[in-house]
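Peer 1: Just dropping this structure here.
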Amino acid sequence: MNIVLFGPPAAGKGTQAKILTKERGFIQLSTGDMLRAARSSGSELGKKVAGIMDRGDLVSDEIVIALIEEQLETNAGAPGFIFDGFPRTVEQAKALDVSLAKRDMAVDSVIRLRVDDNVLLGRVTKRFAEEGRKDDNPESFKIRLGNYNKQTAPLLPYYAEKGRLSEVDGLADIETVSKSIATVIDMQKTGRDMVKIPFWKRLFGRR
Ligand code: ADP
């Protein structure tokens, strides 16, 4: 099962993705983490994206799509993927659909963490003080939020039309959010399994 965790910066996607990897053995694919790893390794890619990231802008679709492709290849056969911070543009969403289809997979579920901009600002301010992530300063954060609203939010109708979109309250505490996510996933999983069983077998209760 492949899940996209969706929401503005600092909505809690990374935290929830980590819980899902632990509980379900899914593989977390976070383009933000991959790009930060590239930076700390001092690679050419890292050098190329550093300024863009610190400013709060998006790196090119081409770069992140290539990173995701590479990870899908490396982790072939995984029980599921959790995409965190990807896709962030309609172009990326389309590329993801193509990549997954090539491997007989699809985005099964998009879970939106619904949050409030004021709360987000409080969270990044705290994270900036604790972790010192350069793009958590107020100016960069404003740009990140603006980019989310302009470039990423349009993905909501894209996935809603496909009937893949669910929402959970991202303002609740971490455990409550992860329970809500688990409920969504389990319901969708049951739905998918039902479809696999022909209706006459469901009707007569035989499997
Ligand atoms: P957050 O969700 O808190 O904004 P991320 O770790 O997902 O943080 O991303 C950090 C930065 O990495 C982004 O501001 C952007 O510069 C870059 N980035 C990460 N994922 C993508 C993506 N899918 N497309 C473009 N840029 C990305």
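Peer 1: So which residues in the stretch 10-40 are basic (Lys, Arg) and under 15 Å from VAL177 (Cα atoms)? Don't jump to the end; show me each part of the working.
Peer 2: From the stretch 10-40, those basic (Lys, Arg) are 13, 18, 22, 24, 36, 39; that's our starting set.
Matches in the stretch 10-40: LYS13, LYS18.
Peer 1: Pairs under 7 Å by beta carbon, first residue without any contact (Cβ under 8 Å) to a residue 24 or more places away in the chain in the stretch 50-62, partner within 7 Å of the ligand (Cβ to nearest atom) and part of a loop (DSSP other than H, G, I, E, B), six or more apart or different chains?
Peer 2: So the pair list comes out as ILE52/VAL59.
Peer 1: Restricting the stretch 24-60 to residues that are β-branched (Val, Ile, Thr) and assigned to a helix (DSSP H, G or I), which is nearest to the ligand (Cβ to nearest atom)?
Peer 2: Filtering the stretch 24-60 for residues β-branched (Val, Ile, Thr) gives 27, 31, 49, 52, 59.
Those left that are additionally assigned to a helix (DSSP H, G or I): 31, 49, 52.
Numbers: THR31: 3, VAL49: 7, ILE52: 6 Å.
My answer is THR31.
Peer 1: Only one of GLU73, GLU69 is away from the ligand (no atom under 16 Å from the Cβ) and either in contact with a His (Cβ under 7 Å, 6 or more places away or on another chain) or of a type in the set (Asp, Glu) (or both); which?
Peer 2: None of the other options fit; the residue is GLU73.
Peer 1: What number of residues within the stretch 163-184 are assigned to a loop (DSSP other than H, G, I, E, B), without any contact (Cβ under 8 Å) to a residue 40 or more places away in the chain and more than 24 Å from THR125 (Cβ to Cβ)? Step through it out loud before you land on a result.
Peer 2: Applying the first criterion (assigned to a loop (DSSP other than H, G, I, E, B)) to the stretch 163-184 yields 163-164, 170-173.
Checking which are without any contact (Cβ under 8 Å) to a residue 40 or more places away in the chain leaves us with 163, 172-173.
Those left that are additionally more than 24 Å from THR125 (Cβ to Cβ): 163.
Total meeting the criteria: 1.
Peer 1: Within the stretch 185-203, does at least one residue satisfy the condition of being closer than 25 Å to LYS18 by Cα, touching a Leu at 6+ places or on another chain (Cβ under 6 Å) and assigned to a helix (DSSP H, G or I)?
Peer 2: Taking every residue of the stretch 185-203 in turn, none turns out to be closer than 25 Å to LYS18 by Cα, touching a Leu at 6+ places or on another chain (Cβ under 6 Å) and assigned to a helix (DSSP H, G or I).
Peer 1: What about PRO79, is it within 26 Å of ASN2 (Cβ to Cβ), touching a strand residue (DSSP E or B) at 6+ places or on another chain (Cβ under 9 Å), within 14 Å of the ligand (Cβ to nearest atom) and not in a strand (DSSP E or B)?
Peer 2: Values: within 26 Å of ASN2 (Cβ to Cβ): yes; touching a strand residue (DSSP E or B) at 6+ places or on another chain (Cβ under 9 Å): yes; within 14 Å of the ligand (Cβ to nearest atom): no; not in a strand (DSSP E or B): yes.
Considered against the rule, which asks whether it is within 26 Å of ASN2 (Cβ to Cβ), touching a strand residue (DSSP E or B) at 6+ places or on another chain (Cβ under 9 Å), within 14 Å of the ligand (Cβ to nearest atom) and not in a strand (DSSP E or B), PRO79 comes out as no.
Peer 1: Can you tell me which residue is nearest to ALA11 (Cα to Cα) among those in the stretch 166-180 that are surrounded by 13 or more Cβ atoms within 10 Å (Cβ to Cβ) and either touching a Pro at 6+ places or on another chain (Cβ under 7 Å) or hydrophobic (A, V, I, L, M, F, W, C) (or both)?
Peer 2: Once the filter is applied, the top-ranked residue is LEU171.
Peer 1: If you don't mind, another one. In the stretch 103-162, what residues are more than 15 Å from the ligand (Cβ to nearest atom), part of a helix (DSSP H, G or I) and of a type in the set (S, T, N, Q)?
Peer 2: Hit for the stretch 103-162 is ASN118, nothing else.
Each row is one residue, and each column tells you yes or no for (1) in contact with a helix residue (DSSP H, G or I) (Cβ under 6 Å, 6 or more places away or on another chain); (2) of a type outside the set (Ser, Thr, Tyr); (3) at pLDDT 95 or above; (4) loosely packed, with under 14 Cβ neighbours inside 10 Å.
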{"position": "PRO79", "(1), (2), (3), (4)": "no, yes, no, yes"}
{"position": "ARG88", "(1), (2), (3), (4)": "yes, yes, yes, no"}
{"position": "GLU91", "(1), (2), (3), (4)": "yes, yes, yes, no"}
{"position": "SER109", "(1), (2), (3), (4)": "yes, no, yes, no"}
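Peer 1: Please work out which residue is modelled with the highest pLDDT, limiting yourself to the stretch 148-207 and to residues that are of a type in the set (Gly, Ala, Ser) and over 19 Å from the mean Cα position of the chain (by Cα). Outline the logic, then answer.
Peer 2: If we filter the stretch 148-207 for residues that are of a type in the set (Gly, Ala, Ser), which is where we start, we get 153, 160, 163, 166, 170, 172, 178, 180, 182, 191, 205.
Subsequent filtering for residues that are over 19 Å from the mean Cα position of the chain (by Cα) retains 191, 205.
On the way: GLY191: 77, GLY205: 69.
Residue satisfying both the conditions and the ranking: GLY191.
The values are calculated or read from the model by the stated rules, or taken from the named source; none is laboratory data. The model shown is predicted, which means the values in this text are computed figures rather than measured ones. Here the Cβ is made from the backbone with ideal geometry for all residues, glycine too, and neighbour counts use every protein chain on show.
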